[in-house]
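Worksheet for the structure shown next.
The values are calculated or read from the model by the stated rules, or taken from the named source; none is laboratory data. Since the structure is predicted, the reported quantities are computational estimates derived from the model, not experimental observations. Cβ atoms come from the backbone with ideal geometry, glycine included; neighbour counts cover every protein chain shown.
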Amino acid sequence: MKAEQPNSARDKFHEHIHGNYIYGLWELASQMTAHPEPKAIPYMWPWSQLEPIVKASGEMVPVGDERRALQLFNPGLGGRWATTNNLIAAVQLLLPGEVARAHRHTPTAIRFIMEGRGAYTAIDGERVYMEPGDLILTPSWSWHDHGNETDKPILWMDGLDIPLIASLDAMFFQFYTAQQVPATRPPNASKQLHGHVHLEPTWIKEKPQASPLLLYSWDQTRRALEALRDQEGSPFDGIALEYRHPQTGGPVMPTMACWIQLLRPGERTRAHRHTGSAVYYVVQGQGESVIDGQRFVWSKGSIIAQPSWALHEHINTSASEETVLFSIQDTPVLEKLGLYYEDPLAENGGHQNVASTFRPGA
Ligand code: GTQ
Ligand code: FE2
């Protein structure tokens, strides 16, 4: 057997190859992890922390070329514009009389309306009017501007796949030539055409990848949750419903799925983990999530980041009130690539041991 090279010679060799932008696989093996090890961490922005910041943003910052949207940065991602590895969540405020300038981009967006009503987002010439609890889609590369002609502020959560599109080097962005895109279709036209639950117009031949239904009204969402509240539901997710593309039955966007989940008073789901990340918005109620052994105590308005492969379970801690969680998820991407894996927690009756409780800023 040949004697090992002295360390100094081997170190020199490594220095030399690094200088030529070459690394040995033996130096990298720790990156081929046994399972996903996201840099993003489980994190939460409680409403008590978000609300004063959102209100202050209205006084401190005008709507200029850019929207007044507060982007939630995951502390594990070293300043990357990302809430999880692939998703960004933001809270956007539009004051009475304001218009956010028309533009388009390849990242896909959703809005979930938090507070206020009667403002609109215009998507490719269609004004979609907002009510609390509505989900509104902005497909990739569609022109959009926002306007608030009411006398009250409006507030919504944005969800976008910006980090995914950036890492794919597929980012395109343009401003429109005017402040707003002229209306070419009646208000809420897509709901008029595609919003009929189990009936779809047969004469529409075009089947876009993103849902042609742009407005998923809270009224219909709430009624579905109420109709299903006595079902058993999923042991891991409770009464979890996915917003559907009306023509394909698939996720609302090629890169993002949206869910609404009802947890009944006292309900506690079992823990599981899966590839794909999620951002939750607490629509109503109060409760806790345990994510990778850490307890997150939330209430209406809180936003929670859940990285890929994180063990998670949710608890409605109220004995009388129902809890509703909205979420965006990047699982459609994993599914399309054959990379969706899911594991229940087998031990401990399907529940995690709680090692710590999350405190914001700590
Ligand atoms: O309102 O169009 O939070 O383009 C980030 C990028 C919102 C928007 C965001 C955007 C928008
Ligand atoms: Fe946008």
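One table, with the values for the structure above:
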read-out: Conditions (1) away from ligand 1 (no atom under 13 Å from the Cβ); (2) surrounded by fewer than 24 Cβ atoms within 10 Å (Cβ to Cβ): number failed by ASN74; value: (2)
read-out: Residues (small (Gly, Ala, Ser) and within 14 Å of ligand 2 (Cβ to nearest atom)) located in the range 66-88; value: ALA69
read-out: Residue count, the range 64-114 (criterion: touching a residue at least 24 places away in the same chain (Cβ under 8 Å), under 18 Å from the mean Cα position of the chain (by Cα), farther than 22 Å from TRP218 by Cβ and assigned to a strand (DSSP E or B)); value: 2
read-out: Residues of the range 89-127 satisfying the condition of being touching a strand residue (DSSP E or B) at 6+ places or on another chain (Cβ under 7 Å), under 16 Å from LYS191 (Cβ atoms) and within 13 Å of ligand 2 (Cβ to nearest atom); value: ILE110, ARG111, THR121, ALA122, ILE123
read-out: Number of the condition not met by GLN49 [criteria: (1) within 16 Å of ligand 2 (Cβ to nearest atom); (2) polar (S, T, N, Q); (3) touching a residue at least 40 places away in the same chain (Cβ under 8 Å)]; value: (1)
read-out: Strands (runs of 3 or more DSSP E) wholly inside the range 140-193 that include at least 1 residues being touching a residue at least 60 places away in the same chain (Cβ under 8 Å) and closer than 30 Å to PRO52 by Cβ; value: 144-147, 154-160
read-out: Candidate set from the range 146-186 (those that are among the β-branched types (Val, Ile, Thr) and within 15 Å of ligand 2 (Cβ to nearest atom)); member that is surrounded by the fewest Cβ atoms within 10 Å (Cβ to Cβ); value: ILE165
read-out: Some residue of the range 104-116 being of a type outside the set (Ser, Thr, Tyr), crowded, with 21+ Cβ neighbours inside 10 Å, under 17 Å from PRO251 (Cβ atoms) and touching a Cys at 6+ places or on another chain (Cβ under 9 Å); value: yes
read-out: Residues within the range 117-136 that are crowded, with 20+ Cβ neighbours inside 10 Å, in a loop (DSSP other than H, G, I, E, B) and either within 14 Å of ligand 1 (Cβ to nearest atom) or hydroxyl-bearing (Ser, Thr, Tyr) (or both), tallied; value: 2
read-out: Subset tally (residues that are within 13 Å of the chain's Cα centre (by Cα) and among the small types (Gly, Ala, Ser)) for the range 303-321; value: 2
read-out: Selection from the range 91-103 of residues that are crowded, with 21+ Cβ neighbours inside 10 Å and within 10 Å of ligand 1 (Cβ to nearest atom); value: VAL91, GLN92, LEU94, ALA100
read-out: Count of residues meeting criterion [part of a helix (DSSP H, G or I) and aliphatic (A, V, I, L, M)] in the range 24-40; value: 3
read-out: Lone qualifier among SER327, SER277, SER302, SER318 - being at pLDDT 95 or above, in contact with a helix residue (DSSP H, G or I) (Cβ under 6 Å, 6 or more places away or on another chain) and small (Gly, Ala, Ser); value: SER302
